[in-house]
Amino acid sequence: MPALPIDNSTFDSGQIVITASRAPETEARTPASVTIIDPQMIEHLDEPLISALLRLTPSAAVATSGPAGSLTEVRIRGAEANHTLLFVDGIKIDDPASGDTPRYEILNADLASRIEVIRGPQSALWGSEAIGGVIAVNGLDDAPGYTANAEAGSFGLVRGSGSASLVTSLASLSGAVGYQRASGINSVAGPGDKDGYRNLSGRLRGTWHPQANIEVGASALALTGRDEFDGYDLFTGAHVDTLDSSRNRFEAGRIWASIGTGNSPWRAEIAGSLLGSSNTNFLADVEQNRTRGTRRNLSSQLERLFTTGSVTHRLILAADTERETFHARDTAFDGFTDQDRTRRHESITAEWRAETRQITGDIAVRRDFFNRFKDATSLRASLLGQLGSGFTMTGAYAEGIAQPTFFDLYGFFPGNFVGNSDLKPESSRGFEVSLRYRRGSFDASLTGYRQRLHDEIVNNADFTSVLNSPGTSKRSGVEATAGWTLAKSLRFSANYAYLKATQPDPVTGEQFTEARRPKHSGSVAVDGTTGRFSYGASVAYVGRHLDNRDTFPFDRVVLGSYWLADARIGVTLRSGIELFVRGSNLLNQHYQDVFSYRTEGRAGYAGVRLSGR
């Protein structure tokens with residue numbers, strides 16, 4: 001992935017997309033289905049956690065197991081929670097210590113300057129887990145100056161953050177830190193203790209340009225969090241009030257060096273990253289178990305840019321090597337669940353992109369070499385054609401893979417679960433077609449897609465292990481988007497998504513609807529500035545969806561639809577000083593993303609923002 005961040009201060013077709021190809025491209029010329037949440041929208045909506053912003057993107061189902069800060073899963077286009085790759089400042093941070101699932105519940109939005117969501121399989125570009133799509137969170141920009149924020153309000157929320165950047169003609173250095181704490185609510189119905197959270201995050205990024213076409217850089221991030229939650233009765237399996245909590249920690253760093261620019265005939269980059277994570281579970285402050293994981297990655301990329309007649313070509317060749325470790329320890333079972341595992345894989349990716357004035361075409365092929373599984377090849381081919389009068393047609397075929405998690409392979413709980421070391425990777429194939437319109441300040445799109453997931457890893461009949469499903473899971477849907485920009489005073493965006501996601505019954509083979517994936521969803525957001533005032537507001541709709549009852553008869557239950565309305569308004573008292581108020585769940589919806597887990601009602605907050613350039 002390119003060294004980040006990339007400047008995009010405008011909300012138009014000139015924005016740069018960094019994950020739809022191995023090299024950056026403009027939003028208007030990429031065939032991929034992409035949503036960009038830019039710095040202005042992040043600032044004007046001012047959500048504490050990134051998961052709240054992801055609710056505003058098409059086909060992204062966000063499921064939080066309780067109040068804010070609780071375990072959060074994101075499913076794109078009906079894919080599983082561990083089928084989306086998450087990059088932060090170019091570092092892959094899907095948690096190797098927790099089933100390769102991103103830990104959105106500790107991802108502080110105060111440290112994000114830009115979010116990019118690519119929908120659809122992207123394994124031909126980025127490898128395993130990119131079945132539902134890819135999310136890239138950019139941290140700090142290179143604009144000189146500082147910002148500081150403080151906020152407090154309902155449910156005991158206290159929030160603060162600060163950032164600063166120094167920029168010269170040869171180098172830049174940026175840093176940020178953010179802290180959040182909330183007392184929350186009791187996540188089960190009835191009396192009981194409140195389940196809150198806290199997180200502390202920090203990021204640092206520096207670059208040096210000894211020459212105009214040479215860049216050397218380093219970035220680092222640390223994410224820590226503590227989440228209080230209610231567990232289950234050991235005899236009935238029911239969700240009950242307990243004193244459970246978990247502590248999660250990430251540290252990651254990346255270094256890179258590149259020569260050449262996006263317009264150079266040749267460009268080369270080499271990068272290395274290291275991630276460490278740990279998750280520790282407690283009951284009444286007594287440790288129950290813990291997992292640790294590491295990921296080391298070394299990558300290199302070579303690009304060649306040339307033209308033949310009216311066609312501009314970009315050839316890209318990339319190679320990656322990755323090594324992961326997993327360690328599990330427990331006290332609750334006298335060490336019977338202890339694990340120490342490693343795995344590695346290498347990959348080679350080739351991509352060809354060609355552009356004319358009216359057409360953009362792209363083909364990517366990737367070969368992954370696994371030491372624990374059968375090797376896999378992924379393909380992606382896409383085409384974009386400008387039809388005239390503002391209309392564009394795109395189409396794509398793409399494949400995705402997801403290797404089994406460490407827990408799927410080796411997990412063990414006495415009398416409850418045993419991993420399956422014979423599992424093979426899941427694989428997905430799909431296509432999409434999109435009609436887009438862009439004229440002046442207005443844009444719209446209509447996209448249809450279909451995906452088929454093979455060898456899905458599912459529970460066996462008695463839930464004591466997992467296996468590769470012999471059937472095919474099916475996902476298909478439609479996405480509609482619209483946007484309108486009226487200078488800085490008003491920006492409007494809206495989307496609607498229809499999803500049909502099913503998987504085969506392991507006994508009968510008949511298709512049934514998958515859980516935690518609403519058939520209908522959508523959102524509307526507005527933001528802007530007028531004189532001394534800035535504002536942002538959003539309404540997200542989540543349709544009815546299914547979940548599984550955790551007690552007898554263990555049947556499927558229907559969770560009702562709901563509307564989430566959030567808003568923020570700020571007033572500048574003088575240059576660099578802004579006071580603001582913010583509200584969340586303004587319609588006071590009583591809803592559940594996950595069966596039996598309560599969520600917070602209407603809330604209000606107030607704060608101050610300082611800035612200087």
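The values are calculated or read from the model by the stated rules, or taken from the named source; none is laboratory data. Quick caveat, the model's predicted, so the values are computed rather than measured. Don't worry about glycine lacking a Cβ; one is built from the backbone with ideal geometry, like all the others, and counts go over all protein chains shown.
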(request) Determine whether the range 187-203 contains at least one residue that is in contact (Cβ under 8 Å) with a residue 24 or more places away in the chain, acidic (Asp, Glu) and in contact with a strand residue (DSSP E or B) (Cβ under 7 Å, 6 or more places away or on another chain). (result) yes
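Yes or no, residue by residue, for (1) surrounded by 17 or more Cβ atoms within 10 Å (Cβ to Cβ); (2) over 30 Å from residue 339 (Cα atoms); (3) under 27 Å from the mean Cα position of the chain (by Cα):
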position: 272; (1), (2), (3): no, no, yes
position: 281; (1), (2), (3): yes, no, yes
position: 290; (1), (2), (3): yes, no, yes
position: 295; (1), (2), (3): yes, no, yes
position: 300; (1), (2), (3): no, yes, yes
position: 311; (1), (2), (3): no, yes, no
position: 317; (1), (2), (3): no, yes, yes
position: 323; (1), (2), (3): no, no, yes
position: 326; (1), (2), (3): yes, no, yes
(request) Answer with yes or no whether residue 4 is modelled with pLDDT under 95 and either buried (at least 19 other Cβ atoms within 10 Å of the Cβ) or under 23 Å from residue 578 (Cβ atoms) (or both). (result) yes
(request) Those residues that are surrounded by 17 or more Cβ atoms within 10 Å (Cβ to Cβ) and of a type in the set (Phe, Trp, Tyr), I need them from the range 261-270; list them, please. (result) none
(request) Kindly indicate which of 145, 160, 217, 184 is closer than 23 Å to residue 64 by Cβ and in contact (Cβ under 8 Å) with a residue 40 or more places away in the chain. (result) 184
(request) Can you confirm whether the range 563-582 contains a residue that is free of Cβ contacts under 8 Å to residues at least 12 places away in the same chain and farther than 24 Å from residue 158 by Cβ? (result) yes
(message) When you scan the range 327-346, do you find a residue that is in contact with an Asp or Glu (Cβ under 9 Å, 6 or more places away or on another chain), among the polar types (S, T, N, Q) and more than 23 Å from residue 249 (Cα to Cα), even just one?
(response) no
(request) Specify the residue that is modelled with the lowest pLDDT; the eligible residues are those in the range 473-500 that are of a type in the set (Val, Ile, Thr) and crowded, with 17+ Cβ neighbours inside 10 Å. (result) 485
(request) Could you tell me which of the residues 561, 611 is more than 30 Å from residue 191 (Cβ to Cβ) and surrounded by fewer than 18 Cβ atoms within 10 Å (Cβ to Cβ)? (result) 611
(request) Specify which of the listed residues (129, 105, 80) is acidic (Asp, Glu), outside any loop (DSSP other than H, G, I, E, B) and touching a residue at least 12 places away in the same chain (Cβ under 8 Å). (result) 105
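Residues checked against (1) in a strand (DSSP E or B); (2) more than 20 Å from the chain's Cα centre (by Cα); (3) within 20 Å of residue 120 (Cβ to Cβ):
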position	(1), (2), (3)
491	yes, yes, no
496	yes, no, yes
509	no, yes, no
516	no, no, yes
528	yes, yes, no
(request) Spot the failing condition for residue 550; the list is (1) in contact (Cβ under 8 Å) with a residue 40 or more places away in the chain; (2) of a type outside the set (Lys, Arg); (3) in a loop (DSSP other than H, G, I, E, B); (4) within 24 Å of residue 182 (Cβ to Cβ), and only one is missed. (result) (4)
(request) Give the residues of the range 230-246 that are polar (S, T, N, Q) and at pLDDT below 90, sorted by residue number. (result) 236
(message) Being of a type outside the set (Val, Ile, Thr), assigned to a strand (DSSP E or B), touching a Gly at 6+ places or on another chain (Cβ under 6 Å) and modelled with pLDDT of 95 or more narrows it down to one residue among 323, 296, 267; which is it?
(response) 267
(request) Can you give me the number of residues within the range 15-64 that are among the charged types (D, E, K, R), more than 17 Å from residue 492 (Cα to Cα) and at pLDDT below 95? (result) 4
(request) Select from the range 564-585 the residues that are more than 27 Å from the chain's Cα centre (by Cα), part of a loop (DSSP other than H, G, I, E, B) and surrounded by 13 or more Cβ atoms within 10 Å (Cβ to Cβ) and list them in ascending order. (result) 576
(message) I need the full set of residues from the range 533-567 which are farther than 18 Å from residue 65 by Cβ, at pLDDT 95 or above and out of contact with any Asp or Glu (no Cβ under 9 Å at 6 or more places or on another chain), in order please.
(response) 533, 541, 543, 544, 561, 563, 565, 567
